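Where a number appears in this text, it was derived from the coordinates with a stated rule and is not lab data. Computed from a predicted model, the values in this text were never measured in an experiment.
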Amino acid sequence: MHQPLKIGKDTLLNINSLEYQWIRSLASEGNSPHQINTVIQRCLGGSANTADIMRQVAMRQATVNQLLRSLP
């Protein structure tokens, strides 16, 4: 079972939030998508699917609405 997501809707809606910037920096440092997703889950909680979509949102490969629809 996964941990609940530790960040709120306002943060998720702000594509320029510190959390999304942090995810982009992980990617720019050469981390693989799997490594980034694992770190997102460890630090911010959520499921593997939530972490993957958050990474995609940060990289502008998915929309915030897709992320919100995936949340329980």
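Observations on the model:
- In the distance distribution for the chain, Cα-Cα pairs more than 20 Å apart total 16 percent.
- Per-residue ³J(HN,Hα) for segment 46-51, Karplus 6.51 cos²θ - 1.76 cosθ + 1.60, θ = phi - 60°, Hz, x for Gly and Pro: x, 8, 4, 5, 4, 4
- Percentage relative contact order, the chain, counting C-alpha pairs under 8 Å, at least six apart: 36
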